[in-house]
Every structure is written in structure tokens, then in C-alpha cells.
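Scroll down for the structure; my scribbles are underneath it.
The values are calculated or read from the model by the stated rules, or taken from the named source; none is laboratory data. The shown structure was predicted, so the numbers you read here are calculated from the model rather than taken from an experiment. Here Cβ is always computed from backbone atoms with ideal geometry, including for glycine, and neighbour counts include all displayed protein chains. Keep in mind that these areas ignore ligands, DNA and RNA; they rest on the heavy atoms of the full protein, side chains included. Shrake-Rupley method; radii C 1.70, N 1.55, O 1.52, S 1.80 Å.
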Number of protein chains: 2
Amino acid sequence: MDEFSFIRSVQPAYYKQSSLIKGISDDAAVIRPSGGDVVTAVDTMVEDVHFSRKTMQPHHIGHRVLAANLSDLAAMGSTPAYYMVSITIPSDWSEEELIELYAGMDDLAARYRMDLIGGDTVSGRELSVTVTVMGTVAKGKARYRSAAVPGDVLFVTGTLGDSRGGLEWLLNEKNDSSSDQAFLIDRHRKPWPRVSFAEGLSTLQRVALNDVSDGIANEANEIAESSGVDIHIAKDMVPFSSALKNTFPDQYQDWMLSGGEDFELLGAVPLSDWTLVQENAETAGIKITKIGEVDEVSGDSPRVFIKESDQIAILKKSGYTHLKGKG
Amino acid sequence: MDEFSFIRSVQPAYYKQSSLIKGISDDAAVIRPSGGDVVTAVDTMVEDVHFSRKTMQPHHIGHRVLAANLSDLAAMGSTPAYYMVSITIPSDWSEEELIELYAGMDDLAARYRMDLIGGDTVSGRELSVTVTVMGTVAKGKARYRSAAVPGDVLFVTGTLGDSRGGLEWLLNEKNDSSSDQAFLIDRHRKPWPRVSFAEGLSTLQRVALNDVSDGIANEANEIAESSGVDIHIAKDMVPFSSALKNTFPDQYQDWMLSGGEDFELLGAVPLSDWTLVQENAETAGIKITKIGEVDEVSGDSPRVFIKESDQIAILKKSGYTHLKGKG
């Protein structure tokens, strides 16, 4: 493949962001921030580590790697603006597949009027896509996982574990005729980052947000540690889809706690703002569920507790639980 | 390797840039730009494509991948501020080697008070390092390759072809006892981006800059095309080191035109500013050489001409030349 003509084929015909001074065509891109703070993150996905062509089309892969980055921006309360793509291309990928992969990113980016402003194209033995995103947020309004305070409501968007369910279904090459399985597969291949919902929280004085990329067992522990608080989760309040429960009745409870890459948001807000947060989720057209509370640290260090029936256990990052007080 | 403990080991103990609001510890980094424009670029280097552990220590690899990015910022006239590192780690790299690679970046970054503010760590079959850099430049002062104007002096920093010479020497596993060869090896392993020199040009009204990553044959054509001008290079004015000529008497002339990755700067300025540019190079402690002039387009499209003795040839991007007028 001619690298130069490929780059030209994925280069935007025009740019949408008014703060862009120089896009692709020089040694670097130039942006003129309009007074807010700039938020940036980077994510890499490698073939046969993070995705496989057996379970995803190139379009899905493009969508998913950008979605993972947008989920990071959403978790900061940031509005997406720009992205750059560095791609390592092995010889067994065709130009058509690569163009599809970029189209997957472009379709998602277009929803947010994001511009592709740079990148790199190199050859290698395995396909690897690194996306850098940049967004904006009003001064001092970035949302940190360290912002939770005792008394807060703990909430999560969407349903949990679906992506893991979709992946398992695809890996086992089962028949995907039912609507339940089609739903799970779609959740795995095309996760939708909760950007609009997070932007809608901008009027709130304080909200802690963390994106659910490794499962809420992990993310709840991150909020607890960063904020210096205990977190109490009620297991029977954690949201799962009927599709997941129907398809994987034996695993759905584990996956809703530790299944990765749902790209939902886990957050904590003062009880007085909980109604506003619910209204905002309704406006954004997404489900939101209260799953617990934030409390003061009761032991030597912050912990996450999970209550099921009348038993309380400690929820570790891995999703592993053990009964309270047993060490 | 425990990914979490590795990330902690390369995480900065403190940050230097006053515009940083949030470094590594949340879903993304947050920056508060202080009024200027923001410049950003990304570069990927893959083991056995862009470098080899046969010819470079991990420390050199780290230095070189960040240097390549800093050279892009220099070519925009930008002051470096931040970087993010996304690394794909195969099983045959040890934690010690990885820490050395990060130290190579960190040592170079420290010269410019740059902060490491984010990244990603994933596993894969081949080592790959993607660096995203961010810098600042005064509003409207970014330097474009499209800014050359007929009548300008064409100049280049440093000497050309050394990096290629160093690589060839290392690949052929020759004895490196002489100081000439040590010089070439050092130019290959530890190129120094021309950041201070480029910053020093900030008082100039206009200067076109392009970093020499693929050889001046390529970069001169990029300036010619972007600016819509012809460029005339005098071959006997193109700077090379005596080390290169002594070591590779048969190849040095080709390599000074098309040997890549010297990370010098090729530029064009009005004749009236040429003295200032020379003084600035002296202040920055680097060599600078006038190698030609910028002229109006004489044919159907912009071209680069190279004059040797009394013959004038057309210099293609590849470094290939053919006599003027013969097609």
C-alpha cells in the first residue's frame, strides 16, 4: 500500500472545530483554546489482545478504540473536540479494511463534531491502534474520581456486564439469532460513551465520575481510594440487562461486577443533586441507577462493601468478595 | 510484570509545568492553557522497524522516540510542555529494560521541564512506543512549511546524513574505536531536537520550518509544494560532517540529501532576517548553513532544483535527481 495515498484517503475534507488553527498538513497540529481547560487521554488497542477480527469487523474496531477514549473524556465531564490516530499496520491487513476501521472512528467522531488532526502510520507485525483525544471543559469543572464525599449517592449509567456477555457469545461462535444475543453483541462491538450525560452535569457543583472500563468492582475501589471514603453497594440494585441474565444465567452476576469495557459511568453526587442527575439521564436518553452510598472510612483504609441479602462482604478490585471482618 | 507497579515506577514524583491541573491519576489529564496556542503531534516507533536492540540500548530508544516528537514541535516554533506514552510490551522485554527506556525519555524531557501526564500500557507481540507531545506557542506564531516566499534564504541546521551513517556502521558491526564513528553512532542514537534554536526565532515576523526526518530532498519538496514556490539548492553548500565523509566516502553525498532521522531543521527566511537567524544559531550553540534560495515557480508546479558544478538537476522527494528539462 502507498502510505501517502492512504493517509490522504482518511484525511478530513474539512474541519468542524472553530478552535483549530492547523490540522493535518504540517509537522504538528495547532489549536487555539477558547478559555476553558483542555483534557487529554491516550489508549492503545492491539489485535488479538484487545480485539479480534474473528469477533469484530474493522468498523467495530475503529468505533471501539475511539469510544474507549471518549469514555475517558466523559468521565472527566469534558466535551470531545479532537483526536489523533497512530496506527501500526501488518501486511495481512488490506487497505479496504483500514479504511473501514477509520470510518468506524469517523462515524463516532462525527456525532461530537470531532476533528482528526494528526497521526502516524507505520508498519509492524501486529495491528495496533493508538488514539489520543483532546476535549474541553469549563475552568475548574473537570470531574475527578477523588471528589466523592460521605453521604453521597453512588450511581451507575446503563447496564453492566453486557460487553463481556457479547464477547463470550461471539467467542463460542453460537447462533446469534435471538434478539437478546444481538443486543449483547452490539453492546460489545459498539459501546456508546456517556458523553452527553456527563456534559449535562456541568451545572452541578460537585460530582465524582469514573468510567467503567474494568468493571465496577475495580472502579468503585478507585473512587474509594482517591476520595478517601468507604463505599457501600447493594448487590440487588446493580443494573443488568434481561438479555445478559437470559443468556448467561450462571455468570451474569459476576460479570455485572467485574466484566470490563461497558464504558458506562460510575459516579457519586450529594443526595440533594440526585434528582437533577436522574433528570439529566432522562434527557440524555440513558438508564441511571442508584446502587449504593458513600460513607466515612470505618477501618484502616478505604474499602468497598457489597451487601447481598443480609450478608455484607468486602468487594476487591478483581471482583472477588469475602465476608467482612474475616481479613 | 505487575502493570500497576510498573506504571507507578515511571510516574513522575512531581510536576513542573504550572499549567497542569491534573496529571496521572484519573481518567485523563487536565491542562489550563495560559493564552497561547497549543501544538500537538504523535509518533510511533516499532521494534525491528524503527529501531533494534542490536544497535540501541533501551535508553537510546526512549531518547529517540521523544526526540522525534520534539523535533516536530521545534519545526512549529513551539515550546515543549507535556508528553504521554502508550507502550505495547512483549514478553521478551524485562522490567529493567522498560524502566531504562522511560529514563531515556525522562532525561530528554527534563531538559525542557516537560511533564509525563498520561499514557497506556498494554501487552503485544512486538515492542511499540507511541508518544504524544504537547507544546505552546504565542498566538499566531506557529511556523508553517507553507510560509516560504520567493527571495527567501534556504537554510539547514547541523550536518546531514550522520544518523544514517551511524546506523550503517552499527548494522555492519564494525569496530567503533575511532572518534569519527563514535560521533556518527551518537548522532544516530541520541539526536538532539533543535528546540532552543526554533524558540529563539520567535521575534521573526515570518519563517518557514520543516523538520528533517526523511532527508532534505523530501522536506525541501514539502516546503516547495506547501508554499507554492521553487527551491534552488547548491549541492556544494549542503553541510556534512567530516566524520561522515571519512567513514563513508562513497555514500555521504547521497545520505546528506536523503538519509533520514537527523532531526535537523530546514527553513526559509527573508534575506533581511538571515543575520538574526545566524546569531540565534550561535546563541543556541548549533551550526547553521545557507544552502540555497526560494524562487517563483518556473514550471507547471513547484519543484526543487539542485546545482552541482555547472549542472542543474531536479531533486525528487526520494533524493533521486535527473537533469533539468529531460522530463
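Of all accessible surface on chain B at a 1.4 Å probe, what whole percent is carbon and sulfur?
Details: 5940 of 13240 Å².
Roughly 45 percent of what the probe reaches on chain B is carbon or sulfur.
Suppose you put the label 7 Å out from Cα in the Cβ direction; list, shortest first and in nm with one decimal, how far residue A:297 is from each other copy's label.
6.7
Over chain B, what is the relative contact order in whole percent, taking alpha-carbon pairs under 8 Å and six or more residues apart?
Numbers: 721 pairs, mean separation 69.6, N = 327.
It rounds to 21 percent for chain B.
Shortest first, in nm, what separates the label point of residue B:91 from those of the same position in the other copies (7 Å along Cα→Cβ)?
Those label-point separations list as 2.4 nm.
In percent, how large is the relative contact order of the stretch A:145-323, given Cα pairs closer than 8 Å and 6 or more residues apart?
Values: 393 pairs, mean separation 71.4, N = 179.
For the stretch A:145-323, the relative contact order is 40 percent.
What angle do you read, to the nearest 10 degrees and between 0 and 90, between the alpha-carbon axis of helix B:95-111 and the longest principal axis of chain B?
60
Could you grab the relative contact order for the stretch B:21-109? Cα pairs under 8 Å, six or more apart, rounded to a whole percent.
Numbers: 61 pairs, mean separation 30.1, N = 89.
Rounded, it is 34 percent for the stretch B:21-109.
Quick one: work out the % antiparallel among DSSP beta bridges in chain B, nearest 5. Intermediate values should be presented prior to the final figure.
On the way: 46 of 59 bridges.
Looking only at bridges with both residues in chain B, the antiparallel portion is about 80 percent.
Where both residues lie in the protein assembly as shown, what percent of DSSP beta bridges are antiparallel, nearest 5?
Taking every DSSP beta bridge within the protein assembly as shown, about 80 percent pair in antiparallel fashion.
When the chain is fully extended, how far beyond the present Cα-Cα distance does residue A:203 get from residue A:34, taking 0.36 nm per residue of separation? Show your work: numbers first, answer last.
Values: separation 169, 0.36 × 169 = 60.84 nm, distance 1.93 nm.
Between residue A:203 and residue A:34, full extension yields 58.9 nm more.
Rounded if a/c is under 1.5, else prolate if a/b is larger than b/c, else oblate: which is the stretch A:205-248, with a ≥ b ≥ c the root eigenvalues of its Cα gyration tensor?
Values: a/c = 2.35, a/b = 2.20, b/c = 1.07.
Prolate, because a/c is 1.5 or more and a/b exceeds b/c.
Could you give the angle, 0 to 90 degrees to the nearest 10, between helix A:58-74's Cα long axis and the longest principal axis of the Cα atoms of chain A?
The answer is roughly 50 degrees.
Using a 1.4 angstrom probe on protein heavy atoms only, which residues from the stretch A:125-147 are buried by at least 20 Å² of accessible area when all chains are present rather than their own chain alone?
Hits at the 20 Å² cut-off: A:125, A:126, A:130, A:132, A:134, A:139, A:144, A:145.
Measuring nothing but label to label, 7 Å from Cα along Cα→Cβ, what are residue B:123's distances to the other copies in nm, shortest first?
Its label point is 2.9 nm from the equivalent points in the other copies.
Kirkwood Rh, Cα Rg: Rg to Rh for the protein assembly as shown?
My calculation puts Rg/Rh at 1.02.
Which loop-located trypsin sites (Lys or Arg not before Pro) does the stretch B:220-327 contain, where loop means any DSSP state but H, G, I, E or B and the Cβ has at most 12 other Cβ atoms within 10 Å?
Working: sites: B:235, B:245, B:287, B:290, B:303, B:307, B:316, B:317, B:324, B:326; in loops: B:287, B:303, B:316, B:317, B:324, B:326.
Sites meeting the loop and neighbour criteria: B:326.
Distance cut-off 23 Å, Cα to Cα: go down the list B:245/B:307; A:245/A:307; A:54/A:235 and report the pairs above it.
On the way: B:245/B:307 20 Å; A:245/A:307 20 Å; A:54/A:235 34 Å.
In this structure, A:54/A:235 lie more than 23 Å apart at Cα.
Would you mind getting me the FRET efficiency between residue B:323 and residue B:16? Use the beta-carbon distance for r and R0 = 51 Å, nearest 0.05. Spell out each step's value before the answer.
On the way: r = 54 Å, r/R0 = 1.06.
In this case the efficiency is close to 0.40.
Please report the net charge: other residues with Cβ closer than 15 Å to the Cβ of residue A:113, K and R +1, D and E -1. Spell out each step's value before the answer.
Details: positive: A:16, A:111; negative: A:106, A:107, A:115, A:199.
That sum, taken over residues with Cβ under 15 Å, equals -2.
Rounded to a whole number of µm²/s, how large is the Stokes-Einstein D of the stretch A:145-323 at 25 °C and 0.890 mPa s, given Rh as the Kirkwood radius over C-alpha pairs?
Numbers: Rh = 16.4 Å.
The calculation lands on 150 µm²/s.
Could you tell me what percent of the DSSP beta bridges with both partners in the stretch A:203-318 are antiparallel, to the nearest 5?
Here the antiparallel bridges make up roughly 75 percent for the stretch A:203-318.
Summing +1 for each Lys or Arg and -1 for each Asp or Glu, what net charge is found among the other residues whose Cβ lies under 11 Å from the Cβ of residue B:301? Walk me through the numbers on the way to the answer.
Numbers: positive: B:303; negative: B:225, B:230, B:300.
Value of the local net charge: -2.
Any chance you could check the stretch B:38-84 for residues losing 30 Å² or more of accessible area when the partner protein chains are in, compared with the chain on its own (1.4 Å probe)?
Listed by number, the residues meeting the 30 Å² cut-off are B:38, B:40, B:42, B:44, B:49, B:76, B:84.
If you line up the long axis of helix A:216-227 against the longest principal axis of chain A, both from Cα atoms, how many degrees apart are they, to the nearest 10?
Compared with the principal axis, the helix lies near 80 degrees.
In Å², what does the accessible area per residue of the protein assembly as shown work out to with a 1.4 Å probe? Mind dumping the intermediate values first?
Working: 26530 Å² over 654 residues.
Here the per-residue accessible area is 41 Å².
For the pair residue A:286 and residue B:107, how long in nm is the line joining their label points, each one 7 Å along Cα→Cβ?
4.5
Roughly how large is the A-B contact in terms of buried accessible area, totalled over both chains, probe 1.4 Å, nearest 100 Å²? Don't skip to the answer; put the middle values down first.
Working: alone 15380 and 15310 Å², together 26530 Å².
Counting both chains, the buried surface is close to 4200 Å².
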